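Reviewing the structure listed below.
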Amino acid sequence: MESNAAVRVRFSEVIFMMDMKSVESKWQAKWEKSKQNVFNKKNIDKKLYVLEMFSYPSGAKLHVGHWYNYGPTDTYARFKRMQGYEVFQPMGFDAFGLPAENYAIKTGIHPKDSTEKNIATMEQQLRNMGAMFDWSAEIKTCEENYYKWTQWLFLQLYKKGLAYRKESLVNWCPSCETVLANEQVIDSKCERCGSVMLRKDMTQWFLKITDYAEELLSDLDKIDWPEKTKLMQKNWIGKSTGCEIHFDCETGDDITVFTTRPDTVFGVNYVVLAPEHPLVDKLKEAHPEKADAIDQYVRYAAEANDIDRLSTAREKTGVFTGAYATHPLTKKKVPIYLADYVLYSYGTGAVMAVAAHDERDYAFAKKYGIPVTQVIQKAGGETILPYCEDGILVNSGIFDGLSGEEARDAIAVHLTKIGKGGKKVNYRLRDWSVSRQRYWGAPIPMIHCEKCGVVPVPEKDLPVKLPYDVEFRPTGKSPLASHAGFMKCTCPKCGGKASRDPDTLDTFVCSSWYYLRYPDAHNDKQAWSPELINKMLPVDVYVGGSEHACMHLLYARFITKALRDMGYVNFDEPFKRLVHQGIILGPDGNRMSKSHGNVVSPDTYIEEYGSDMFRLYLMFGFSYTEGGPWSDDGIKSVAKFADRIERLVRKSLELSGGHSNMTSAEKNVNYTKHYAIKNITRDVEAFSFNTSIARLMEYVNALQKYDAEVAEKNVTFYKDCIKDLIRMIAPFIPHFAEELWQVYGNKNSVFDESYPLFDEKALVKDETEYAVQVNSKIKAKIMIPEGLSDDDIRDTVCAYPEIAEAIAGKTIRKCIVVKGRLVNLIVG
RNA sequence: GCCGAAGUGGUGGAAUGGCAGACGCGACGGACUCAAAAUCCGUUGGUAGUGAUACCGUGUGGGUUCAAGUCCCACCUUCGGCACCA
């Protein structure tokens, strides 16, 4: 940032009476000592669980993103505290994971050492932020007393049948040398390092999130989350309602296909199997003359990487197997093809192809010279093939003439009757793959015994400790596999020789339940006390980035529901309300990154202005949920604002005197105050910090004007106003306000004060300015006394010279009065 | 390709269908000062006019309404998500 030097010179000219640095550290120490941010279980009936997504302990210091997440949310939490809630706002570290291990591979520094060091630095920075974090409940997921319970969670899932092992094609990142879950693959690339993913056949642990697909979808209606996020989850779950249809294969096997368009079933021209489909081998046996071609195609499909394979622009390829299937309704023979545009992992891995009414099937049929049979006609128009919309059925036997919707139902019913299929729901969501071939994670608490097979580690033997002395340089195998001391164990069932599972759990497993641990973070008998947790949860407000919409936020919902079904918790959803902060971009409008060279560090600003001013600017300069490009134009202005408050406060202290009646000057200040309180109360609740601060500024402006203009100040009134001002700014600039609160002679903490309440009566004015329109055009602004009827208001404005002139000689056809705002006279 | 969100002064951003541009930044003018900084007081959407004022203005084009930044339709641009899901 080349402007820094200039900025420094310019800004150092702002004179602070208050030395923010020492004021901040003073209050941080006092708050820590008085334990005022430690949750008091006695007040559990007034609890408010405010949670920010915990952070990954990276080597870099806190960045603007952390600040933007934690600073404003702390303001929300402090505000709620002043409203009388017992706020629980914990903080911790998502400490396992790939970056620490990759860093270790590069530098040789052990992940445990670098992680601990990073945590120490970040903890200090987080403390310096001056947020109300309850450090007594801190969690680090890499510590034994935490991952012991992560392993316990895995065992419970296993007992319940929600954790299982299977061989399957998985996403393999060649650079990170591990498997990733579908959610962690973005555009066929690794979420972390950007490498193009490969597909690999491996035996892996999976969590059965698909068992909860329907509930994860339907319960979205119950939670107060951004609609955008709910929609993303909805699409990710991808429910589609259709039909399963059985085709008899000439080998005597059944080919089941899934379709959302059973109304097109009479138009089936061929059947397609995914190249990985288990029936392929049998078809080869039945048609040895095609075996070579089939093998060649299967190999071709297997070698294509995901980017190529998933590209819609790619030309359709496939191979005829030589075999035929029998259409369940027409009894005609249709050819069976293999083609990789059919995915083995979705539905049944087989598709009925209707060339006339599906773009992909149409393109494939044209290429391979397969006939096209039209069975849907566009209602009242010419049908151009492929026609993929709904229409009227033709060439469909007894179903001719039905609409798409009628036909889908009728054909499904018919298929059920003749035993050839029926209605079926499919989800796009896949089970969550959780095995990672990496070192820095929670070991999977499973044992492989030659005699007994897979055996869970008994709960009493937890945790399965992660050894320190491990060669973590990648070999394509799990690093733990080559640690003899770790791997060697005895089978808990038969006592024979056995070995441990060498893989570790996806770190998203660790973060899928951490919010449950915070309230009972030191419990060494159980993961949590159900009695306590059922009172503390769900989290009332959860704040974090939207990039977790289909990962962490979905996993956490799943785990909560699974735990509920096992009886460990009694609520359905972990996060009642969710708020996403926006993203602060670099000054150039791009995402901040080292490669863009546009990273803005909070440190320079905090050094100059203190953490209060930095947080105040983050709240004032951006719309919270939008974010935007960084610019430091406004940071000076918020510092100036605070400076003005301080001068006002100190000056008012010097006043002495009594009080007199409220004149219009006092009434005006009072109005501005109550207007501010009313709006701040509403806006902070909505995380609309910028408008809240605007109201504070208006109030300060009003006080300053009062101070400057009124010679005989109503001192009692004025000092009360100043005291309220300090209370009002407290959640926004906590150290600063606490200091002023003491300067004003108070002994208690300002955060033990109540946030001022507004009085509707103070907001009632004697008269209000109305915009008066004639035929919807503004002609005048007129002060109208309170309490007039609509008719009186009309008469009042009509008597006004400007209005009288504008309506002279015309008749009033209509008069619209919007109370407190506007009058519209329609004349003609 | 599909789904979603957004587009407002020089600028960050405000506006339960009811006075567009709150509150700031910047700019301009003034007070204070030997001078500057800081501070304080004004002005500040555009065009025309000395002026009161008039007209035009929320991406573009239509529409609904007494009244549209806000609702509806079409389009353009940007961003986010999904992407051969049958």
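The values are calculated or read from the model by the stated rules, or taken from the named source; none is laboratory data. Here the structure is a predicted model, which is why all the values come from computation and not from measurement. All Cβ positions, glycine included, derive from the backbone under ideal geometry; neighbour counts span all protein chains shown. Side chains are part of the model used for accessible areas, which takes the heavy atoms of the whole protein and leaves out ligands, DNA and RNA. Shrake-Rupley method; radii C 1.70, N 1.55, O 1.52, S 1.80 Å.
Of all the residues that make up region A:764-797, how many are near RNA strand B (Cβ under 10 Å from one of its atoms) and among the acidic types (Asp, Glu)?
Within region A:764-797, residues that are near RNA strand B (Cβ under 10 Å from one of its atoms) and among the acidic types (Asp, Glu) number 1.
Restrict the check to region A:769-778 and report whether at least one residue is closer than 30 Å to A:THR75 by Cα, surrounded by 12 or more Cβ atoms within 10 Å (Cβ to Cβ) and either of a type outside the set (Ser, Thr, Tyr) or without any contact (Cβ under 8 Å) to a residue 24 or more places away in the chain (or both).
no
Scan region A:191-209 and tell me whether some residue there is of a type in the set (S, T, N, Q), open to solvent by less than 10 Å² (accessible area, probe 1.4 Å), out of contact with any His (no Cβ under 8 Å at 6 or more places or on another chain) and modelled with pLDDT of 85 or more.
Checking region A:191-209: at least one residue is of a type in the set (S, T, N, Q), open to solvent by less than 10 Å² (accessible area, probe 1.4 Å), out of contact with any His (no Cβ under 8 Å at 6 or more places or on another chain) and modelled with pLDDT of 85 or more.
Would you mind stating whether A:THR811 is open to solvent by 50 Å² or more (accessible area, probe 1.4 Å) and more than 12 Å from RNA strand B (Cβ to nearest atom)?
Here the answer is yes, as A:THR811 does meet what is asked.
Within the group A:PHE758, A:PHE717, which residue is open to solvent by 40 Å² or more (accessible area, probe 1.4 Å) and more than 25 Å from A:TYR609 (Cβ to Cβ)?
Details: A:PHE717 fails: open to solvent by 40 Å² or more (accessible area, probe 1.4 Å).
Only one candidate qualifies: A:PHE758.
Please find, among A:LEU343, A:LEU329, the residue that is within 13 Å of RNA strand B (Cβ to nearest atom), aliphatic (A, V, I, L, M) and either assigned to a loop (DSSP other than H, G, I, E, B) or at positive phi (or both).
Answer to the check: A:LEU343.
For every residue, the table says whether it meets (1) touching a His at 6+ places or on another chain (Cβ under 8 Å); (2) under 20 Å from A:TYR68 (Cα atoms); (3) away from RNA strand B (no atom under 12 Å from the Cβ).
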residue	(1), (2), (3)
A:GLY544	yes, yes, yes
A:MET551	no, no, no
A:ILE559	no, no, yes
A:LYS576	no, no, yes
A:GLY627	no, yes, no
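Could you list, in sequence order, the residues of region A:783-808 that are part of a helix (DSSP H, G or I), open to solvent by less than 50 Å² (accessible area, probe 1.4 Å) and of a type outside the set (Gly, Ala, Ser)?
Initial filter on region A:783-808 (part of a helix (DSSP H, G or I)): A:790-798, A:801-807.
Keeping just the survivors that are open to solvent by less than 50 Å² (accessible area, probe 1.4 Å) gives A:793, A:796-798, A:803-804, A:806-807.
Answer for region A:783-808, where residues must be part of a helix (DSSP H, G or I), open to solvent by less than 50 Å² (accessible area, probe 1.4 Å) and of a type outside the set (Gly, Ala, Ser): A:ILE793, A:THR796, A:VAL797, A:CYS798, A:ILE803, A:ILE807.
Could you tell me whether A:GLU24 is more than 16 Å from RNA strand B (Cβ to nearest atom), under 18 Å from A:SER749 (Cα atoms), at pLDDT 55 or above and surrounded by 16 or more Cβ atoms within 10 Å (Cβ to Cβ)?
When the stated conditions are applied, A:GLU24 passes them.
Restricting attention to strands (runs of 3 or more DSSP E) lying wholly within region A:448-545, give those where 2 or more residues are open to solvent by 10 Å² or more (accessible area, probe 1.4 Å).
In region A:448-545, A:453-456, A:488-490, A:497-500 are the strands (runs of 3 or more DSSP E) which contain 2 or more residues that are open to solvent by 10 Å² or more (accessible area, probe 1.4 Å).
Quick check, is A:THR241 polar (S, T, N, Q), open to solvent by 60 Å² or more (accessible area, probe 1.4 Å) and assigned to a strand (DSSP E or B)? Walk me through it before giving the result.
Numbers: polar (S, T, N, Q): yes; open to solvent by 60 Å² or more (accessible area, probe 1.4 Å): yes; assigned to a strand (DSSP E or B): yes.
For A:THR241, the condition - polar (S, T, N, Q), open to solvent by 60 Å² or more (accessible area, probe 1.4 Å) and assigned to a strand (DSSP E or B) - is met.
Could you say whether any residue in region A:278-291 is out of contact with any Asp or Glu (no Cβ under 9 Å at 6 or more places or on another chain) and within 16 Å of RNA strand B (Cβ to nearest atom)?
Yes, region A:278-291 has at least one match.
Can you say whether A:TRP236 is touching a residue at least 60 places away in the same chain (Cβ under 8 Å) and more than 10 Å from RNA strand B (Cβ to nearest atom), as far as the supplied structure shows?
No; evaluated as a whole, the condition is false for this residue.
Inspect region A:348-356 for any residue being open to solvent by 10 Å² or more (accessible area, probe 1.4 Å), within 15 Å of RNA strand B (Cβ to nearest atom) and more than 25 Å from A:LEU279 (Cβ to Cβ) and give the result as yes or no.
No: zero hits.
Looking at region A:619-639, which of its residues are open to solvent by 10 Å² or more (accessible area, probe 1.4 Å) and assigned to a helix (DSSP H, G or I)?
Within region A:619-639, A:PHE620, A:GLY621, A:LYS636, A:SER637 qualify.
Can you say whether A:PRO587 is open to solvent by less than 40 Å² (accessible area, probe 1.4 Å) and of a type outside the set (Lys, Arg), as far as the supplied structure shows? Steps first, please.
Values: open to solvent by less than 40 Å² (accessible area, probe 1.4 Å): no; of a type outside the set (Lys, Arg): yes.
In short, no.
Could you check region A:39-83 and list, in sequence order, the residues that are in a helix (DSSP H, G or I), under 19 Å from A:ILE729 (Cβ atoms) and open to solvent by 30 Å² or more (accessible area, probe 1.4 Å)?
Scanning region A:39-83 gives a single hit, A:ARG81.
Can we say A:GLY597 is more than 23 Å from A:TYR76 (Cα to Cα), touching a strand residue (DSSP E or B) at 6+ places or on another chain (Cβ under 9 Å) and assigned to a loop (DSSP other than H, G, I, E, B)?
Values: more than 23 Å from A:TYR76 (Cα to Cα): yes; touching a strand residue (DSSP E or B) at 6+ places or on another chain (Cβ under 9 Å): no; assigned to a loop (DSSP other than H, G, I, E, B): yes.
Considered against the rule, which asks whether it is more than 23 Å from A:TYR76 (Cα to Cα), touching a strand residue (DSSP E or B) at 6+ places or on another chain (Cβ under 9 Å) and assigned to a loop (DSSP other than H, G, I, E, B), A:GLY597 comes out as no.
Those residues that are assigned to a helix (DSSP H, G or I) and open to solvent by less than 30 Å² (accessible area, probe 1.4 Å), I need them from region A:252-304; list them, please.
Selection gives A:PRO262, A:ASP263, A:THR264, A:VAL265, A:GLY267, A:VAL280, A:LEU283, A:ALA291, A:ILE294, A:TYR297, A:ALA301.
Mind listing whichever residues of region A:219-233 are exposed (fewer than 14 other Cβ atoms within 10 Å of the Cβ) and either under 23 Å from A:ALA163 (Cα atoms) or within 16 Å of RNA strand B (Cβ to nearest atom) (or both)? If you could, list the steps in order and put the result at the bottom.
Going residue by residue through region A:219-233, those that are exposed (fewer than 14 other Cβ atoms within 10 Å of the Cβ) are A:221-222, A:224, A:227-228, A:231.
Passing the criteria: A:GLU227, A:LYS228, A:LEU231.
Among the residues of region A:590-603, which ones are among the polar types (S, T, N, Q), out of contact with any Asp or Glu (no Cβ under 6 Å at 6 or more places or on another chain) and open to solvent by less than 40 Å² (accessible area, probe 1.4 Å)?
Passing the criteria: only A:SER593.
How many of the residues in region A:91-104 are open to solvent by 10 Å² or more (accessible area, probe 1.4 Å) and over 17 Å from A:THR504 (Cα atoms)?
Going through region A:91-104 one residue at a time, the tally reaches 1.
Output yes when any residue across region A:795-813 is in contact (Cβ under 8 Å) with a residue 24 or more places away in the chain, of a type outside the set (D, E, K, R) and within 28 Å of A:ASN670 (Cα to Cα), and no when none is.
no
Testing A:ALA642 on (1) of a type in the set (Gly, Ala, Ser); (2) within 14 Å of RNA strand B (Cβ to nearest atom); (3) in contact (Cβ under 8 Å) with a residue 12 or more places away in the chain; (4) open to solvent by 20 Å² or more (accessible area, probe 1.4 Å), one condition comes back false. Which one is that?
Every condition holds for A:ALA642 apart from (4).
Just for region A:415-447: of the residues that are of a type in the set (Val, Ile, Thr) and outside any loop (DSSP other than H, G, I, E, B), which one is most open to solvent (accessible area, probe 1.4 Å)? Give the steps one after another, and end with the answer.
First, the residues of region A:415-447 that are of a type in the set (Val, Ile, Thr): A:416, A:418, A:425, A:434, A:444, A:447.
When the remaining residues are screened for being outside any loop (DSSP other than H, G, I, E, B), the result is A:416, A:425, A:447.
Details: A:THR416: 83, A:VAL425: 57, A:ILE447: 6 Å².
Checking each candidate, the answer is A:THR416.
Tally time: how many residues in region A:175-190 are touching a residue at least 24 places away in the same chain (Cβ under 8 Å), hydroxyl-bearing (Ser, Thr, Tyr) and open to solvent by 10 Å² or more (accessible area, probe 1.4 Å)?
Final tally of qualifying residues: 1.
Pairs only if they're at least six apart or on different chains, beta carbon under 8 angstrom, first in region A:493-510 and more than 15 Å from A:ALA181 (Cα to Cα), second open to solvent by 20 Å² or more (accessible area, probe 1.4 Å) and part of a helix (DSSP H, G or I); list them, first residue then second.
A:SER499/A:MET487; A:ARG500/A:MET487; A:PRO502/A:ALA481; A:PRO502/A:MET487
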